[in-house]
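What follows is a short report on a single structure.
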Amino acid sequence: MNGATVSISRAREILTAAAKTRVLVIGDVMLDQFIWGSVARISPEAPVPVVDFDRESFMPGGAANVARNLTALNVPTEIFGVVGRDPAAHQLKKLLAEHKVGCGGLAESPARHTSVKTRIVAHKQQVVRIDRETRDGLDEKLTARLVESIKAELKSADAVIVGDYGKGVVTQALLDEIKGLCRERGIWLSLDPKPVHHLNLSHLSLITPNRKEAFELADLPDETRNPNPLADKNLMMAADWLLNELRPAVLLITLGELGMLLCQRGQKPFHIPTVAQEVFDVSGAGDTVIATFSLAVAAGASPVEAAILSNHAAGIVVGKVGTATTSPDELLKSFGSH
């Protein structure tokens, strides 16, 4: 099984079918602000670099970046979450509309700030990040509003992705509602976990922790590493715990430069080595992975095919600076070069 590959024609077939599906993304949406500049001196006031401002740019972040990754691959996508009643919300909605993401499911709350992450970048290196956000969990009224708008759109959905970034939108009450609704309708449900946020993550279709998150979720120490993930006893122990305790249909652990590990109960783990040529920026790579895997499964791909496709997509976006996406042409070209 570890020799499994996906041909260019099969990858094209999956992407063509994905464009006929519909995916809902639910979770913590953010506005990513990048301030780009250069450093030529250290401040005389404190031992910190002085960044000479060059330009600034804005991108959808968090769950909004998951949605942007889907529409970049031509998948019709709706996003559900909560924003403040502030200029950042207006800017985020405008950006999402430009990326063809349906944002009728974004509820406004005057009591909350729209999450904004400001990254100051000099010479392709992040100097500092400033976060402006509300982290309190949603109240019952807001949760009910969100559930009603999700219910209305679920009947025509092929997959649902929950992006939990620990900003308060993904509460246990909301997750339980979504789990029940997806189970009733037989809809694939993916979740990118945030272990610091203690939720019951049992019985999901897919969970996509990175290595650190996998060990935190399993409450196991990550003491030794083996460059061969399949021979990494600690990693296998964490994977077994997650499969047996949380019982997802698929567990996909992302391993950075070591690629990813696909695990399913009753089957041997499947290791997929990275295809990244260069790594400039890993921010947002997890969003690309969960988006690509979910759209592939919605399009009829097997979990192994979906994992291979998402590994290629992640390999492309880490070669770009900032939270990035990949196009169908780039993705297919990547299969040609490997």
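The values are calculated or read from the model by the stated rules, or taken from the named source; none is laboratory data. What you are looking at is a predicted structure, and each value in this text was computed from that prediction instead of being measured. Virtual Cβ from ideal backbone geometry, glycine too; neighbours counted across all protein chains shown.
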Problem set entry | Options 309, 295, 331: the member that is at pLDDT 90 or above and either surrounded by fewer than 24 Cβ atoms within 10 Å (Cβ to Cβ) or hydroxyl-bearing (Ser, Thr, Tyr) (or both) | 331
For this session: Please go through the range 189-210 and pick out each residue that is aliphatic (A, V, I, L, M), in a loop (DSSP other than H, G, I, E, B) and crowded, with 21+ Cβ neighbours inside 10 Å.
Result: 201, 204
Exercise. Hey, among 129, 119, which residue is in contact (Cβ under 8 Å) with a residue 40 or more places away in the chain, assigned to a strand (DSSP E or B) and farther than 18 Å from residue 150 by Cβ?
Worked result: 119
Seminar exercise, completed: Of the listed residues (108, 133), the one being among the acidic types (Asp, Glu) and either over 21 Å from the mean Cα position of the chain (by Cα) or under 24 Å from residue 289 (Cα atoms) (or both) is 108
Seminar exercise, completed: Exactly one of 121, 116, 162 is among the β-branched types (Val, Ile, Thr), within 24 Å of residue 265 (Cβ to Cβ) and either surrounded by 20 or more Cβ atoms within 10 Å (Cβ to Cβ) or touching a Leu at 6+ places or on another chain (Cβ under 8 Å) (or both), and that one is 162
Exercise. Name the pairs whose Cβ atoms lie under 6 Å apart, with the first residue in the range 246-273 and among the β-branched types (Val, Ile, Thr), the second in a strand (DSSP E or B) and crowded, with 17+ Cβ neighbours inside 10 Å, and 6 or more positions between them or separate chains?
Worked result: 250/206; 253/261; 254/210; 254/260; 272/260
Seminar exercise, completed: When the range 124-143 is checked residue by residue, the ones that are surrounded by fewer than 17 Cβ atoms within 10 Å (Cβ to Cβ), of a type outside the set (D, E, K, R) and in contact with a helix residue (DSSP H, G or I) (Cβ under 9 Å, 6 or more places away or on another chain) are 137
Problem set entry | residue 235 vs. criteria of a type in the set (A, V, I, L, M, F, W, C), in contact with a Phe, Trp or Tyr (Cβ under 9 Å, 6 or more places away or on another chain), buried (at least 21 other Cβ atoms within 10 Å of the Cβ) and free of Cβ contacts under 8 Å to residues at least 60 places away in the same chain | yes
Problem set entry | Selection from the range 177-188 of residues that are crowded, with 20+ Cβ neighbours inside 10 Å and among the aliphatic types (A, V, I, L, M) | 178
Problem set entry | Among the residues listed as 161, 178, the single one being in a helix (DSSP H, G or I), β-branched (Val, Ile, Thr) and within 21 Å of residue 137 (Cα to Cα) | 178
Exercise. Which of the residues belonging to the range 215-232 are surrounded by fewer than 17 Cβ atoms within 10 Å (Cβ to Cβ) and of a type in the set (A, V, I, L, M, F, W, C)?
Worked result: 220, 230, 231
Exercise. Could we say that residue 250 is under 30 Å from residue 31 (Cβ atoms), at pLDDT 95 or above and out of contact with any Gly (no Cβ under 7 Å at 6 or more places or on another chain) here?
Worked result: no
For this session: Name the strands (runs of 3 or more DSSP E) wholly inside the range 25-112 in which the number of residues that are exposed (fewer than 15 other Cβ atoms within 10 Å of the Cβ), free of Cβ contacts under 8 Å to residues at least 40 places away in the same chain and of a type outside the set (A, V, I, L, M) is 3 or more.
Result: 49-62
Problem set entry | Residue identified as more than 23 Å from residue 69 (Cα to Cα) and surrounded by 13 or more Cβ atoms within 10 Å (Cβ to Cβ) among 255, 174 | 174
